Amino acid sequence: MPEISVIIVNWNGKHFLDVCLSALRRQTFRDFETIFVDNGSQDGSVEYVRSLFPEVKIVALKNNLGFTGGNIAGYELATGELIALLNNDTEAHPDWLSAIRRGARTYDDAGSFASKMLYFENRHRIENCGFNVDVAGTTVDLGRDEWDSPKWTLPRKVFGACGGAVAYRRSMLEHIGFLDPDLFMIYEDVDLSFRAQLAGYECVYLPDAVVFHRYRSSLKMRPAMQVFFAQRNIDLVFLKNLPLRLILRSLPRRLLYECGSALYFTKLGSGSAFVRAKLAVLRQLPSVLAKRKAVQELRMISAREFRTLMRGSAFSSKWRKFFSPAGNATAFPSRTDPAAKKAA
């Protein structure tokens, strides 16, 4: 059995696959399997992979089960002791899997490992180095839009890892469960990170596990869908996982976040998607509370201990996005790129 199983979920992303799968062929660590899960694509993705990448195991689903359902289907076939998830719109550095394996052997107590994700179009700029969770229960992407500098060259403990390039220990997943299929996509990695931390499993950021990512390339053509799932799932994850004491303590900040989000998405013309998301939360409340009971039964740390894991604040970045002309804080001022200066 291979030491690592890499699962790639795809939906009509044939145009990404040559770069993604060719990068896996160049990995310096070779004891791994690649499992390609297709969510009912209509663009010939399955035939393309079967023809040009015969070493890849293919799971061809009839319907689109989302990022969560697709990865669950791949996990059922996976045999590795480390389960790595990789977005189809990425290019993994040749040493990506080697760095993950080395990190897994170095940090025995960690249950998951975050990659250094850099923007595909600007490879000296950070998309994220894992994430933390603030006192309102919202995520803070670490390193977002910063230059890749010595600050990000050392491993560190983080709250969780982005599901676009992450590795989980099978032993942890067998204990706490894998992705929640009801989330479909977005915040599924945050949910799993919550459950892992509550059960006592740490997450370690590995700076040598580098992946280049086309940020939101699969979602930018469907903004309303992105808003719906993000704004529904962020509340489901909050209600499902956060200890009651911390829910009550964070309520004022949480309400402020919700009000700001309503204004922000209304400004972008996605107010109806925001409202539909919040109504969906109310409809799913009974099932979420049932899941909450199971999560809290596996909890190994107190509310006070969990509170120490919540750090940073997402509010400054959220307000910058709200007041920016396009509602998006991400920019690439190439004139200040340190690599460009060096070349000049």
- Environment charge at Ser98 (Cβ cut-off 15 Å; Lys +1, Arg +1, Asp -1, Glu -1): +3
- Taking Lys and Arg as +1 and Asp and Glu as -1, residues besides Lys14 with C-beta under 11 Å from its C-beta add up to -4
- Query: Cα convex hull of the range 111-247: mean projected area in nm², to one decimal?
  - Reply: 8.4 nm²
- Note on the structure: So for the range 1-98, using the alpha carbon gyration tensor with a ≥ b ≥ c as root eigenvalues (a/c under 1.5 gives rounded; past that, a/b versus b/c decides prolate or oblate), I'd call it oblate
- Task: First compute the accessible area of the chain with a 1.4 Å probe, then give the percent of it belonging to carbon and sulfur atoms.
- Result: 58 percent
- Task: Report the local net charge at Cys162: Lys and Arg +1, Asp and Glu -1, summed over other residues whose C-beta lies under 10 Å from its C-beta.
- Result: -3
- Query: Per residue Cα convex hull volume for the range 169-246, in cubic angstrom?
  - Reply: 125 Å³
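Ignoring the sites themselves, what is the longest stretch of the chain with no trypsin sites (Lys or Arg not before Pro) in a DSSP loop and at most 11 other beta-carbon atoms within 10 Å?
Excluding the exposed sites themselves, the longest stretch runs over 63-219.
Which shape class applies to the range 176-219: rounded if a/c is under 1.5, otherwise prolate when a/b exceeds b/c and oblate if not, where a ≥ b ≥ c are the square roots of the Cα gyration tensor eigenvalues?
Judged from the Cα gyration tensor, the range 176-219 comes out oblate (a/c at least 1.5, b/c at or above a/b).
Starting from the range 36-116, pick out the GluC sites (Glu not before Pro) whose DSSP state is loop and whose Cβ has at most 16 other Cβ atoms within 10 Å.
Answer in residue order: Glu55, Glu81.
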- Item | Unsatisfied cross-links (Cα-Cα over 24 Å) in the set Lys240/Lys278; Lys116/Lys157; Lys57/Lys291; Lys14/Lys240; Lys116/Lys151 | Lys57/Lys291; Lys14/Lys240
- Note on the structure: Residue span Glu202 to Glu55: 0.36 nm per residue of separation minus Cα-Cα distance leaves a gain in nm of 49.6 nm
- Task: Give me the number: length gained by fully extending Arg245 to Arg311, i.e. 0.36 nm times residue separation minus the C-alpha to C-alpha distance, one decimal in nm.
- Result: 22.1 nm
- Would you please give the FRET efficiency between Arg304 and Glu258, computed as 1/(1 + (r/R0)^6) with r the Cβ-Cβ distance and R0 = 30 Å, to the nearest 0.05? 0.70
- Item | Exposure ranking of Ser302, Ser250 by accessible area [1.4 Å probe, largest first] | Ser302, Ser250
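Checking understanding here: applying a Kyte-Doolittle mean of at least -0.5 and a length along the axis of at least 30 Å (C-alpha), which whole DSSP H helices in the chain pass? Walk me through the intermediate numbers first.
Working: long enough: 244-267 (33 Å, 0.25).
Span-like helices in the chain: 244-267.
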- Query: Per residue, how much accessible area does the range 1-126 show when a 1.4 Å probe rolls over the protein heavy atoms, in square angstrom?
  - Reply: 41 Å²
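The values are calculated or read from the model by the stated rules, or taken from the named source; none is laboratory data. Worth saying up front: this structure is predicted, and the values here are computed from it rather than measured. Reconstructed Cβ throughout: ideal geometry from the backbone, glycine too, with neighbour counts over all protein chains shown. Ligands, DNA and RNA are excluded from the accessible area calculation, which covers all protein heavy atoms including side chains. Shrake-Rupley method; radii C 1.70, N 1.55, O 1.52, S 1.80 Å.
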